[in-house]
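We did not get these values from a lab; they are worked out from the coordinates using the rules stated. What you see is a predicted model; the values in this text were computed from it and never measured. Note: ideal-geometry Cβ built from the backbone for every residue, glycine included; neighbour counts use all protein chains shown.
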Amino acid sequence: MASKKRLYALPGCITGCDQKKYDKWLQRKATAHVRRDGKRGSKHTVAEYKRAIHDAIVAGGHLDHYTGEPLDWSLISTFRNAEAKLGRSKYKKTLWLLPTVDHTLEPEGKQKFVICSWKVNDAKGDLSHDEFCALCELVLKHRAQQKTDA
């Protein structure tokens, strides 16, 4: 009997995570994004989003799309609400390199997913890629000015 080929096999670029954990994470992320985007009028399915998210991971999901930092895939499915309430920002910082999914747009305006750290996704919020980069440039420009004024 031939073995069944996995539709979303664990990408080789990922370490610290097994197939079962990856499958669960991918399903949850796709479902959450379909639910959120459905409220905004999107008609995409979980299957379509799973494919798009998986493709984003295969294309470089071991590194944060925005910073190039290595992501820690051993952190997926480790968030705990009770610990977050107790530890607040200190707890959240322990998960900064947790991989997550971000919406962005291709140059022609088509939506796509990229993989980034929780830290960056939290900082980016609802900004577009260009808006986020412009904000980062302003921060760095201001920081450089402060150093020259000192």
Across region 16-48, what is the total count of residues that are in contact with a Ser or Thr (Cβ under 8 Å, 6 or more places away or on another chain) and not charged (D, E, K, R)? 5
Find the residue count for region 94-150, including only residues that are of a type in the set (Asp, Glu) and either crowded, with 16+ Cβ neighbours inside 10 Å or within 16 Å of Pro70 (Cβ to Cβ) (or both). 1
Looking for something among the basic types (Lys, Arg), in contact with an Asp or Glu (Cβ under 9 Å, 6 or more places away or on another chain) and more than 18 Å from Ile14 (Cβ to Cβ) - is there at least one such residue anywhere in region 140-149? no
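Would you mind listing the helices (runs of 4 or more DSSP H) fully within region 76-150 where at least 2 residues are among the polar types (S, T, N, Q)?
Working: elements: 81-93, 118-124, 129-149.
Of the helices (runs of 4 or more DSSP H) lying wholly inside region 76-150, those with at least 2 residues that are among the polar types (S, T, N, Q) span 81-93, 129-149.
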Would you mind stating whether Leu97 is in contact with a helix residue (DSSP H, G or I) (Cβ under 7 Å, 6 or more places away or on another chain) and without any contact (Cβ under 8 Å) to a residue 24 or more places away in the chain? no
Cβ pairs under 8 Å, 6+ apart, first in region 7-28 and polar (S, T, N, Q), second in a loop (DSSP other than H, G, I, E, B): Thr15/His62; Gln19/Arg6; Gln19/Ala9; Gln19/Leu10
Let me confirm something: among Thr15, Thr45, Thr31, which residue is over 11 Å from Phe113 (Cβ atoms), surrounded by fewer than 16 Cβ atoms within 10 Å (Cβ to Cβ) and in contact with a helix residue (DSSP H, G or I) (Cβ under 6 Å, 6 or more places away or on another chain)? Thr31
